[in-house]
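The values are calculated or read from the model by the stated rules, or taken from the named source; none is laboratory data. Given the structure is predicted, the values throughout are model-derived calculations rather than measurements. Note: ideal-geometry Cβ built from the backbone for every residue, glycine included; neighbour counts use all protein chains shown.
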């Protein structure tokens, strides 16, 4: 039987499969500092002496703005705990986790689980790379298999090649334009066709990175001679092997993309799927341009940016800032003179970190238009609530920076000839290996690193106040905002819980505490966006026992289950009938989780039944019965 590339990797790692789920072994894990502190606290709670993966890496790339002691304390905790438990530690300044992992650790055909939703970046090097909540990653580090809903595999057939000034970012924007942010839920996107060979590994990684915005489980490219050349340039050719779908492999769906027909595109505020041609925006004033993020900060992206800027000055009304994706990229730009071109243009140089992408600095002016090479433009994510954020390629971004307004980069003239070296600068001195004598490592814990909140076993019945009624596509940024003010509290659930839904309802946290037991009501795709488990953990701490929605984003649904929050599916009529402030009674929970009887939901005041269901796998039922994943796995891994 001919197999897709996805099927081949899953089959090589399969532990269990049924009609609903696949459980696979995880070879590698990654964490970053916004999610990592909690993930390692969770790993500690499991009670093992060492991680059980082939490789685990802890990165510091999110909370690098040290305006107080909190982030520095977290960084020291992460470094100590990595050394003690067999984890490699990438120090602050070494770069963004996804780019560094691609450069230094990614291996074709391996599985990677990361506590960041953009972990699928490594699909550009033919890894089956999946984003998840920190507790799922802690479980994988403990040697437990990882389970995903049985995916559909979508074959994305790329033909021809891109025209000058059109980039890989435009490919994924075109797919988002066609399929929307809900179009990839429950699916893995596998790229094939003769157009694949025209794309470098970093360009492929741009596409798999932003495939997360489709709601996809992951995206993946084959491993071919392009992959081999990339690994050779990193001094890692020995880990290369060819991997591709069999000829004649059957996909569940097919998407065809003629690369020659794509033009420069932009995602308009406030969603990555509101995509239009840049020419339709031509002349619109631009206040700020940012080039960087895990989507577009490779050496090629920044070499192109530098060449366009050479001998020119950024427009007087526009601010330009550049964030290289890794220390390797920054050092190579410095060595070949490209950094001087960028600096001479008036651009501001940011550190090799996520920075503005997660609201950590560079907030636009009030009502400002910001053009960013990032992957998300949700309202308020930039740090300025009324900013108008557009997502584009580096080519479009640098054109906007020079002209001060939206500009089709094809108007700049011939595309610069960028030749990348065969050998990249390799310096792993900022990656600290695990300690040879782990028992001697003492873990420093600052006052902001607080104990994990706990939840008991699932109740059999609940009476809940509907604390908030929401619409479609509620993001994890809506639930648990990021930014320079809130991110430092990631290891202090008591403090960070005060900000749950703060951008939508500033009184939510205090109202939830007064209620004692509450729930949320929403429409479709609840919890889209990042993997931040705090968007489930902090609501659990506030007493949220259930979320009623018409559908859920994959990672957030898993996080809700992991922290003992019931993900309840509601029919359209139920949503219309129930208002904020109403009380609902949920009964028969134990029997429903055992799979024998339906969940019973009714309006508490009238006793009228509401059409609701809980659709979970056998494994998820067991987790919910225990009150969450941590309770469930402790007994599974010891001994």
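The strands (runs of 3 or more DSSP E) found entirely in segment 272-366 that carry 1 or more residues being within 19 Å of residue 402 (Cβ to Cβ) are 288-291, 319-322. In the set (1) at pLDDT 95 or above; (2) in contact with a strand residue (DSSP E or B) (Cβ under 9 Å, 6 or more places away or on another chain), the condition left unmet by residue 530 is number (1).
In this structure, is residue 15 in contact (Cβ under 8 Å) with a residue 60 or more places away in the chain, buried (at least 23 other Cβ atoms within 10 Å of the Cβ) and out of contact with any helix residue (DSSP H, G or I) (no Cβ under 6 Å at 6 or more places or on another chain)? So residue 15 fails the test. Within the span defined as segment 137-157, one or more residues are under 18 Å from residue 61 (Cα atoms) and in contact with a helix residue (DSSP H, G or I) (Cβ under 9 Å, 6 or more places away or on another chain).
Kindly indicate whether any position in segment 284-294 is closer than 24 Å to residue 100 by Cβ and over 25 Å from the mean Cα position of the chain (by Cα). Reasoning before the result, please.
Let us first name the residues in segment 284-294 that are closer than 24 Å to residue 100 by Cβ, namely 290-294.
Within this subset, residues satisfying the condition of being over 25 Å from the mean Cα position of the chain (by Cα) are none.
Scanning segment 284-294 turns up no residue that is closer than 24 Å to residue 100 by Cβ and over 25 Å from the mean Cα position of the chain (by Cα).
Looking only at residues in segment 581-594 that are closer than 14 Å to residue 567 by Cβ and assigned to a helix (DSSP H, G or I), the one that is nearest to the chain's Cα centre (by Cα) is 593.
Of all residues in segment 506-520, those satisfying the criterion of being assigned to a loop (DSSP other than H, G, I, E, B) and either surrounded by fewer than 16 Cβ atoms within 10 Å (Cβ to Cβ) or within 25 Å of the chain's Cα centre (by Cα) (or both) are 506, 507, 516. Of all residues in segment 117-151, those satisfying the criterion of being under 26 Å from residue 41 (Cα atoms) and surrounded by fewer than 24 Cβ atoms within 10 Å (Cβ to Cβ) are 142, 143, 144, 145, 146, 147, 148. Candidates are the residues of segment 595-620 that are out of contact with any helix residue (DSSP H, G or I) (no Cβ under 8 Å at 6 or more places or on another chain) and assigned to a loop (DSSP other than H, G, I, E, B); the one that is surrounded by the most Cβ atoms within 10 Å (Cβ to Cβ) is 617. Screening residue 445 on (1) in contact with a helix residue (DSSP H, G or I) (Cβ under 7 Å, 6 or more places away or on another chain); (2) under 30 Å from residue 44 (Cα atoms); (3) part of a helix (DSSP H, G or I) shows it passes everything except condition (3). Only one of 212, 197 is at pLDDT 95 or above and either closer than 23 Å to residue 132 by Cβ or surrounded by 24 or more Cβ atoms within 10 Å (Cβ to Cβ) (or both); which? Result: 212 is the single residue among 212, 197 that is at pLDDT 95 or above and either closer than 23 Å to residue 132 by Cβ or surrounded by 24 or more Cβ atoms within 10 Å (Cβ to Cβ) (or both). Considering (1) on the phi > 0 side of the Ramachandran plot; (2) surrounded by fewer than 23 Cβ atoms within 10 Å (Cβ to Cβ), the lone condition that residue 157 does not fulfil carries the number (1). Among the candidates 420, 452, 425, the residue that is closer than 20 Å to residue 542 by Cβ, part of a loop (DSSP other than H, G, I, E, B) and not assigned by TED's automatic domain parsing to the domain that holds residue 592 is uniquely 452.
Within segment 571-594, does at least one residue satisfy the condition of being in contact (Cβ under 8 Å) with a residue 12 or more places away in the chain and in contact with a helix residue (DSSP H, G or I) (Cβ under 6 Å, 6 or more places away or on another chain)?
Yes - at least one qualifying residue is present in segment 571-594.
When restricted to residues that are surrounded by fewer than 18 Cβ atoms within 10 Å (Cβ to Cβ) and either on the phi > 0 side of the Ramachandran plot or over 29 Å from the mean Cα position of the chain (by Cα) (or both), segment 334-365 contains 8. Filtered by the rule that a residue be surrounded by 24 or more Cβ atoms within 10 Å (Cβ to Cβ) and either over 23 Å from residue 102 (Cα atoms) or without any contact (Cβ under 8 Å) to a residue 24 or more places away in the chain (or both), segment 310-329 gives a lone residue, 320. For segment 65-77, the criterion of a residue being in contact with a strand residue (DSSP E or B) (Cβ under 6 Å, 6 or more places away or on another chain) and surrounded by 21 or more Cβ atoms within 10 Å (Cβ to Cβ) is satisfied by no position.
Go through segment 185-198 residue by residue and tally those that are in contact with a helix residue (DSSP H, G or I) (Cβ under 6 Å, 6 or more places away or on another chain) and closer than 21 Å to residue 300 by Cβ. Walk me through it before giving the result.
Going residue by residue through segment 185-198, those that are in contact with a helix residue (DSSP H, G or I) (Cβ under 6 Å, 6 or more places away or on another chain) are 188-190, 195.
Applying the additional criterion that residues be closer than 21 Å to residue 300 by Cβ yields 195.
Residues flagged as in contact with a helix residue (DSSP H, G or I) (Cβ under 6 Å, 6 or more places away or on another chain) and closer than 21 Å to residue 300 by Cβ within segment 185-198 amount to 1.
So is residue 546 buried (at least 16 other Cβ atoms within 10 Å of the Cβ) and either in a loop (DSSP other than H, G, I, E, B) or touching a residue at least 60 places away in the same chain (Cβ under 8 Å) (or both) or not? Outline the logic, then answer.
Working: buried (at least 16 other Cβ atoms within 10 Å of the Cβ): yes; either in a loop (DSSP other than H, G, I, E, B) or touching a residue at least 60 places away in the same chain (Cβ under 8 Å) (or both): yes.
Spelling it out, residue 546 is indeed buried (at least 16 other Cβ atoms within 10 Å of the Cβ) and either in a loop (DSSP other than H, G, I, E, B) or touching a residue at least 60 places away in the same chain (Cβ under 8 Å) (or both).
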